[in-house]
Amino acid sequence: MHIDKYERYWMVAAALMLGAFFAALLASSVVFGVHLPDPAGRVNPEKLSETAFATPGLRDMGDNHYEAHIVAQMWLYNTGEVVDGVPTIRVPQGATVTFNVTSKDVTHGFYVEYHNVNMMIIPGLISRGTATFNEPGTYRIVCHEYCGNGHQNMTAQIIVEPSA
Ligand code: CUA
């Protein structure tokens, strides 16, 4: 069978590229340990009342570190506190907050504006993300997974109070 010289070059080049891609994939998973994020834990969405999500809100872990447990549901976040009708997390300036979020009904989103927390909230799983709030102000949490008729109203806020 005759194969044109240039066609042969391209076959070799394509094979080399495939090899390089496979090597890069192998290196990132085996050498650098890159994985999809695992859920931080599992809960039975029907039995949240038997877990730490029974009493949503902040726990002070000391050293300006807080653990928040938040339940997402159609169409609100239960954060344990409400300010002017808006579910609220209130922390002092400089606080580091670890958000533990789960859903009691459908898939929701959890995005904290201006901070590096952007998660999917899936019933049965706990999503965990941590952010530090250095600037005082009010930061919105929004649901960015379409979850039904009230999706666009599903927000909460983080109030970061200035340190005196
Ligand atoms: Cu919850 Cu969209």
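Just so you know, all these numbers are worked out from the coordinates, no wet-lab data involved. The model shown is predicted, which means the values in this text are computed figures rather than measured ones. Glycine also receives a Cβ, built like all others from the backbone with ideal geometry; neighbour counts cover every protein chain displayed.
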### Message
Just to be sure I understand the filter: pairs with C-beta atoms under 7 Å, separated by 6 or more residues or on different chains, first member in segment 129-158 and without any contact (Cβ under 8 Å) to a residue 40 or more places away in the chain, second member among the polar types (S, T, N, Q) and surrounded by fewer than 14 Cβ atoms within 10 Å (Cβ to Cβ). Which pairs pass?
### Response
A131/N116
### Task
Output the residues belonging to segment 137-164 that are part of a loop (DSSP other than H, G, I, E, B) and surrounded by 14 or more Cβ atoms within 10 Å (Cβ to Cβ).
C143, H144, E145, C147, M154
## Note on the structure
C143 vs (1) more than 16 Å from the ligand (Cβ to nearest atom); (2) touching a helix residue (DSSP H, G or I) at 6+ places or on another chain (Cβ under 8 Å): all pass except (1)
### Subset of segment 62-111 that is without any contact (Cβ under 8 Å) to a residue 24 or more places away in the chain and in a loop (DSSP other than H, G, I, E, B) - its residue that is nearest to E145 (Cα to Cα)
G85
### Task
Determine which member of the set T107, T79 is surrounded by 19 or more Cβ atoms within 10 Å (Cβ to Cβ), under 27 Å from N44 (Cα atoms) and within 16 Å of the ligand (Cβ to nearest atom).
T79
## Note on the structure
Within segment 40-73, residues in contact with a Leu (Cβ under 7 Å, 6 or more places away or on another chain) and loosely packed, with under 14 Cβ neighbours inside 10 Å come out as R42, A54
### Message
Of everything in segment 3-45, what is assigned to a helix (DSSP H, G or I) and in contact (Cβ under 8 Å) with a residue 12 or more places away in the chain? Give them in sequence order.
### Response
P45
